[in-house]
Every structure is written in C-alpha cells, then in structure tokens.
1. Read phi for every residue in region B:72-77 and hand back ³J(HN,Hα) as whole Hz from Karplus 6.51 cos²θ - 1.76 cosθ + 1.60, θ = phi - 60°, with x for Gly and Pro.
2. Dividing the convex hull volume of the alpha carbon atoms of region A:423-489 by its residue count, what do you get in Å³ per residue?
3. Tally Lys/Arg at +1 and Asp/Glu at -1 over every other residue whose Cβ is under 12 Å from the Cβ of A:Glu66; what's the total?
4. So if R0 is 25 Å, what FRET efficiency would C:Asp416 and C:Asn79 give, r being the distance between their Cβ atoms, rounded to the nearest 0.05?
5. Treat the count of other C-beta atoms within 10 Å as a stand-in for reagent exposure and order A:Arg342, A:Arg266, C:Arg328 from fewest to most.
6. Tell me, what is the percent relative contact order of region A:363-475, built from C-alpha pairs under 8 Å that lie six or more residues apart?
7. When a footprinting reagent is the concern and you count Cβ atoms within 10 Å, what order do A:Thr355, A:Thr380, C:Thr2, C:Thr7 take, fewest first?
8. With charges set only on the Cβ (+1 for Lys and Arg, -1 for Asp and Glu), what does the dipole of the protein assembly as shown come to about its Cα centre, in debye to the nearest 20?
Amino acid sequence: MTETNSNQLIRLSAAQLARKLAAREITSVEVVQAHLDRIAEVDGGDRGVHAFLHVNAEEALAVAAEVDAIRAAGGAAAEELHELAGVPIAVKDLIVTIGQPTTAGSKILEGWHSPYDATVVKRLRDAKMPILGKTNLDEFAMGSSTEHSAYGPTRNPWDLDRIPGGSGGGSAAAVAAFEAPLALGTDTGGSIRQPGAVTGTVGVKPTYGSVSRYGAIAMASSLDQIGPVTRTVLDSALLHQVIGGHDPFDSTSLPDPLEDLVAAARIGNVEGMRIGIIKELHGEGYQAGVENRFNDSLELLKEAGAEIVEVSCPNFQYALGAYYLIMPSEASSNLAKFDGVRYGLRVLPEDGPMTIERVMGATRAAGFGDEVKRRIILGTYALSAGYYDAYYGSAQKVRTLVQRDFDAAFTVADVLISPTAPTTAFKLGEKLDDPLAMYLNDVATIPANLAGVPGLSLPGGLADEDGLPVGIQLLAPAREDARLYRVGAVLESLLEAKWGGPLLDRAPSLTAHSLTAPDLTVSTAGAVPAHGGSH
Amino acid sequence: MAAINRDDVAHLARLAHIEMNAEELDRMAGELAVIVDSVKSVSEAAGDDVPATSHPIPLSNVFREDVVGHTFTAEQALSGAPDSVENRFKVPAILDEE
Amino acid sequence: MTDAILTFEEAMEKYDPVLGFEVHVELNTKSKMFSSAPNVFGDEPNTNVNEVDLGMPGVLPVLNKTAVESSIKIGLALNCKIAEACRFARKNYFYPDTPKNFQTSQYDEPIAYDGYLDVELSDGTVFRVEIERAHMEEDAGKLTHMGGATGRIQGADFSLVDYNRAGVPLVEIVTKPIEGAGSRAPELAKAYVAAVREIVKNLGVSDARMERGNVRCDANVSLRPHGRERFGIRSETKNVNSLRAVEHAVRYEIQRHAAVLDSGIPVVQETRHWHEDTRTTTSGRPKSDADDYRYFPEPDLVPVVASREWVEELRATLPEPPAARRKRLQADWGYSDLEFRDVVNAGVLVEIEETIAAGASASVARKWWMGEIVGRAKNADVDPGQLGVQPATIVELAKLVEDGKINNKMATEVLDGVLAGEGTPSEIVDKRGLAVVSDDGPLLEAIDAALAAQPDIADKIRNGKLQAIGAIVGGVMKATRGQADAGRVKELILEKLGVNA
C-alpha cells in the first residue's frame, strides 16, 4: 500500500470505510494497519499527541483479518456481518476490556487487566470492530483537560501546546488526529462533548440509561454515560446504534428499544423545527469567537427552515454547584473500592504500624492524584453527618429544578442549542492550579447530565481570535436522541458547504517531523513518564 | 455554612482512608474552602417542597431472576491480587474492628 | 481484663432491662443479592464469585427478585407493613471483607416496618415483641485471622479474605426497644431468636442454620433503675450465634451493666464481643466519629415498588402462622401439651419436624431428640441443632433398631460414633462389630449354661415366679457381652422351661 493510500484511508469516515469494506475495495487489515501506522507516527515522543495509553495492534489486526476472511469467503456469514465490521475503534481507558490493561488514567490501576468486558466492548466485539487500543483521560475521568492523567497529558492536534479537553481528551484527540475513525468516550459532566468541541470532532452523550454503563469505571453513577466520539454526525449515529440498547446488567438501563438513529442522521431535516437558544448558556462569560460561531450556526439553521426561539432556564445557574456536590459525593463512594486489597496498587506505609487501615491509606495516598483526592474529600464532606441535607440533599433538589427548566424549555422548542464550551482550547498548564476555573469549562454541558437528557457537540468553525475549533451543542428531551442526529446532520452539512469541506481539513497536518516515533506496539502505560509532556 | 479547617480535612481524610501530611491538609483545606464557597448557593436554591431527584430517568422494579450465572475460578478471582495465600486474599492485620 | 458483675438476682432487684435485637437472616436464594454468582455455603474459597462480588472496577448491581419476595414474606410473617416504594442506600465504611468498601443496604426506607411477633415463653406466657423494621442488605466476605495466639483479630499477624459469602442476601430484622421482660429477659431473648428462626425456616426463605451463620443475632442491652422511664445507655453484643449464647449473653450483659451502674460510672455505648468459652463479653470499640457512614441513595439501583397485587399474591403463599402451625404439629404428632412445650423449650421443634419429614415416626423423633441429643448438646454447651445430627441419621438408627439389627443400648453407642465423625450408623455398626445376636443357636447354648448354673431359679420360674427370670436373662447377656436381644432371650428361656407367660 502506498503512503498516499494510507493517508487517504485514515481520513475516511467510518461510514465511508464501511461502504468500501463491504464493496471489498479495501481490506480491514489495510485500514487497521493504516491507523496503527498513524499512531506510530504522531502519538509518541515528547511532543506527540499521546492519545493512547495502550495500543492493541495484534488483536486489532487479528479481528481485521477475520473480518476480511469472512468477506472474502462470501455467503451467509459475510451477509450477516455488521455494517461496521472491520472498522477500527479506540476505547477510552475508563472502559474495561479483556486482554488489554485498563488504568482509568490512574497509578492505582497500573498494570491491572480486567477479567471481564464492558457491555459496550462486548457489542463492539460482536460487531467485529477491531479495537485499536485504550485512550488517555483525566484520572478516573476527573478533569476537563486530560492533564490529570497519571500517564501524562494528551495534546490537542490543532495546537500541541493546548489541551484536548477532558476527561476524554485521548478519544477526541485520537479521532481528530486521524489515529482512529471512531472512539468511545464517557460523559459525566461534558467529558465527551467538551473535548469534541475543542478538537473539532463530534461527540454525543446519549440519554442517561440508553447505553449500558456496565464496565465503565464509575465516577458519578447517576451522571455517567458512554457515548460516541467521531468526525461526523452520521458516524456517531452508526456507533451509537452499535453500543446502545437495553442491558440487563445495568439496572438503570432503559428498557425502550433504540430508535433508528442512523436513519435520523441520514434523513436530516430541520424544516419547521423549533430550535431554542438557552438564554443562560451564551453571552457573558463566553469567548467572542465562540459566540460568533454560535451565531453563524443559528443563521444557517434559520435559513434551512428552522424557527429559532429563545428559552430561559433560570435554575441552570445552580447546575454547576449541584454538579460539584453530586459528582464528588458519588465518586467518593465509587472510588472506595480502590484500596490495595483485591487488585491494583498496594503501597506499604513507610513507618509506623503495618495495619490494613494504614496500607489502604498509603495506597490511596500514593495511587490517586491531587484532583481525585480533592473530589473524594469534597464528596466525603458533602455526604458526612450534618452536611448531607445542605449539600447532597440540596443538590438533588436542584436536579429537579434543572429538569423542570428543561421540561418547560421543551414545550416551546424541539431541540435546544448552545455553545458546547465557553472557550476554545486553553494552553496546557494554564488552569492546572485553579480547580474552579477548570470546573467552569463544564458550565454548558453539565445541565444535560443532571437531567439525563441527550446532548451532541459538533464543530461550529474556528474562533476568529485564535483559529481554534468551537463546538455547538444540541440538546433534546430524554429518549429523543434521534432529534440530535436529525438537526446535527443538517447543521454539519450546511457548515461544511460553507467551509468547502470538513473542519478538520483545516487542522495543521501532523507529521513525524516534530515527533519522535516510539515503539507503540506494546503497552505505553508504564513507559510514559508520570508527568510527561512539557507544560 | 461552616468554613473548612485543617482538622476537618484530617477527619475527612481519615474517613476516606487517604493518608495526608500536614502540608497537604493545609492545601486541601484552602482549596476546599474556595470550592465549598462557590457551591453554597445550591443549599438555598430549592425550597422544602421540591423533591430530590436521585435518578435522572425514573425506573422501578428492575430485577434479575434468581438464576445462577457465571463465576470465576479462584485463580481468576485472585489474578489481580497484590497478595494471596491458599486462594484467599491476604491483608495485613486488622487492628480496628469494623 | 475481667469486668465486675453482680449476680443476676442482685441486678434484678435494682434494675429493669431493656432489650433490642438485630437479627440477620441469610436468604437461601440460588444466586446472590446483586449478582448471579451462586449462594452456596462451604465451597472452596473465592470460587462462588464473579466480578460483581469482588467489587471489580466498572461493575453494577442488579437486584435478585426472589430475594425481594422472600423479604416481603418475612415482613408479612412478622405482621409488618410493606413499603409501597423503597430504595437501597450505600453504607460507606472501609473493611477488607466488604469488596466495594460500602455495603448496599436499605437505610431510611426499609421494605417492611411496624410489625410484631408474639413469643411464647417456657410456661406458655405470650410476650409481644414489636418489630421496628426488616430491611434488605448484602452479606460481607469471611475473614480468617492468622497467626497470633488466639486466632482472634487481636494479635493476628495477617488476615485472609474469602469473598464467597460477599453479596449473599440478608434480611435484617430490628426490634423496637423491648421493655417489661424483667427477670425473664434472657429467656425472652432466646425465645425471640428461636421464634424468628422458626418463622424464616417455616417460610422456606432461609436454611436457618445458626451454626452456619444463616441466622445471626446482635443483642442490645440497657438497664434503668426501677421506676425510671428514660432508657439507659446500651451495649451492642455482636454475633451471638446460638440460642443458648443469646440467653447467656443477655444475662451476662445485664449483670455487667448492673455492676457498672452500681459503681457510679456511666455505661459506655459500645460494641461488645461475645466469647462462648468464657460466657463473657469484652469491649469492642466505642462509637466514634468514624461511624459516619455517609449513607446516600444507591444510584446504581432503582426503587422497589411493591404493588398491592404483588404483596397479596405473596401473602397468599404464606404458610400458616406459627401458633396455628404449632397446634397442628402437636395434633399431627400426638404429643401431650407438656411433651410439646418441652420440645419447643429445648429448641428442637424444627429438628423434630425435619426428622419426621425424613421418615421417622413422631415418637421416635421425640425419643431421640429429647432423650438423647438434647442432653448431649447440654453437656457440649451448644444448641441441639448445632451437634450436627442429621434427620437421616435418626431415621437410619431407628430402622436398625426396628429391624432388630441393634438394640436401643447399642443405638445410643452408634449415635456417639456418628457424633465423633466415624461415619454413618450402618458403617459404625459394621466397624464396631455391633449386632444383635440373632441366630438362636449360640443363645440357646448360653441359656442352657445359665439355667444349669442357677437351677433353683429355673425351678422358681417353672413354678410361675416369672419375675425371677431377670437373673437368667442377666447371665445370658453377660455371656453374650450384651449383644443379645433381651426380649428374644426371655422368650427362649420361657420356651425352654415350657412356661406360658
């Protein structure tokens, strides 16, 4: 295969790859190898993207070869192959996989191999989608920049000195840097959508309960959702359709059958739809370039026949506060299991009595990073005797108010729209010492998690002042994920028509030139310095 | 709402089983104070008549039938264990009870 | 350190005891509370587990429907209200037998609440115990403390954890404070736990074997001076796991509290540990700020809504209530009032029922349990059910006697062999060479010899003095080293002497 060929392959969308694979114009092994080559080229080194914590080359190629063999043999088995069979995918390292390490971006799980697969991973395997590897994230998904990974930060392919968003910066950067056509993320307060916004990719947080959480290492159980990270709206719909649907292993999994999301993305139509601008989620506090691109999108939607209305969600002002009580509370409990008894790191206290209590204390002190500790202590505080009602209890009531705001808004609008994040990607290290400034990145994404409604972020163009991607967020009522795809597909095609091609075509081309290419065929989890990068 | 001091953080760290030295306790107390201050409006946002929402999408009666499914072998169960003896997880002595 | 105690009588002169119980019942579902791993006792360590029971990263619980139904049945049998909707919560605390470092348990929303249980005391008095709540939760794994002198937690070098029991469904039954039992408090304690055990066994929702920990009791005791309304400070004695121990522990704590109160020192609210060997309790640890369990609704589970239809459907499956059941059993078995009460007081109602179900007659079952096993249990200082006698053993013993293979005296010897772990009754009969001599040949020889040795007695029998026969029978039994069937010997002697009895 020529280099041009390889470069063309990695720039194809999943839908395009699927069509070419089905037509046997290309093989899955070629596709997987092209992505592995790309990873080898751009992911490693001091200034590499560092989207991956582990590359799963051998297994991915084996699955690809199996798919190719089935297609080559033809017949019923070939007919029964899933549409995405042979299309590779990267998986956020918060999601457990047999045969590969799962670290959650934390030292405390370094070297741990899950003895079971997450439900979504089983579904990828059932669809015979080769898994390229595991992507970087803020430790236990706690962060908005991927700088809180114990294995070093991921860099934004648009500007290697900037953050790729978080917590799913690895998945977003992998897709943006053409290291994978598809990736899985998890979204607790915006961890799919915000990285999507700042890397110029598409990310979807499905309705709470519509994708199984079984095997996603829990941060905040009542907020977490797994979702697709892709370069096109249609690809997100295709992937959502693979991973979605009821799972008996997750008690919060919705029993409803999944809607035809792919059809919604293919049809795409906004004529006569009411699209609501959320008064509280733009304007003050939002970067001018973000605001401009947001207004561009509104204009395009209007031209396409949508009715733009304004809605007010007054209780969204409490959403960030409620989130930063509920999330750490649940996380403090969910992360209690990491104690050095059954799996993962065990650290012995340096002096004093060697009791299990002290081993747990020393293990958790050494195994967790500062942000994780901060949230555990905050959550422990919010749940502790005497404070529960004022903090956790009040936050759960705010949740009700946020839901009521959404309910009211959805009586006058079919879909809501806002910028995904208040700013474009900031510089690595810029907000590391200011947790509050970091938390503000999630101000527009958090309400959807509190209310369980679905949200989609798609590229809205580049900010005038810094030339970096801006994300547009669409929100729909619970169980109405299809609406996001209908509207998203229209907006995407209008924007691309305006730009003359996908936004990522304008991203600087990454080459091995400035990057040292390391051997990435083995796990990089332990090999990368804990505070790698040069921020 | 009470301010958070170093003793409070020390107590929380004990509850959370995270060893912290004096410097960490001080730093954490300062950071928590700022964060807690920023979220305090939450406690005044909703009146007593507002119910709490613990699940964003309400469901009820999600059950399993009482049927035995897969199990691990002891070897699989212990595969990630930092220490084990005779197919059991080994931990240092427990001084505190429960 | 030994605590000072008063005599029970001294304590009763000055104080009224107030009791409270938390009884944990392990349900006998096939699978665990939140995972599909088997709920089986006694298997190889860490084999009845999957990722959920081990608290692996990413796992989620799914509630066992049968466990919920069993819990509702227990609630109904305890005359409780069943909550229309209830939830689980997380009880957060770090302990190595708790895989997630929180226990999934019901907290402020129990599935059953506000019930009562009428408990019959040994003289037939009925005492009503109010039930506060019965709630669902999961069991923890099992810790074994290694090294050190005692095998106890204190002084151990390290501990080993087996998570087979982790996630086994539990129902915790909590009483309201029990007042007014006076000097009968220890007896009531035992009778209450026995009654709970009988109910859950009768419902079929638990194996109810205390020696396996299927039913476990924490006993709260406090004292207050006669005439005072306000409760005293209580102690909570953990894991009192036999009926006898419940009685002893409550008695001991009453005596200990009385001594503390007499000395003018306030009682400390604390956990106490029961020691079967010394029949005393020792101090665990006082309640502290480490007991902040930070309960919050379990976000990974959804509410349980018990519709009226569902509850009524379950109510319809309930067996008869204990009082009616006892009446029926007494009638079925033909026991006198006294016999039946003795059986209940000895705590072997369940065992006798099982023995009869296994095929023994009611009189045989009572003879063995009341005549043999209860006494042995008393000597061993355990509950009769804890001796390990299986219903099948008694059925087999009775059959051996009935068939004339062994006599009653030998049968008790065989029972001892069974208890010593030598095997089944038949195996022990073979091993020990026990068998009633059934061939009359050797017997007749022995009879001839005995008659020849005591001709005067033979004459007396011939002359109708039948009570003299004992001396001849004794001689024959001596000659056959007790292996002869005394009844048959008697028959043969009379035959030989031509006497019609």
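Bear in mind these aren't lab numbers, they're just calculated from the coordinates by the rules spelled out. Just so we're clear, the structure is a prediction, and the values are computed from it rather than from any experiment. Neighbour counts are summed over all protein chains in view; Cβ atoms, including those assigned to glycine, are modelled from backbone coordinates with ideal geometry.
1. Those phi angles translate into 8, 6, 4, 4, 5, 4 Hz.
2. Here the figure is 89 Å³ per residue.
3. After counting each charged neighbour, the total is +1.
4. 0.05
5. C:Arg328, A:Arg266, A:Arg342
6. 25
7. Least to most surrounded, the residues fall as C:Thr2, C:Thr7, A:Thr355, A:Thr380.
8. Details: 110 positive and 162 negative charges, 350 e Å.
It comes to approximately 1680 debye.
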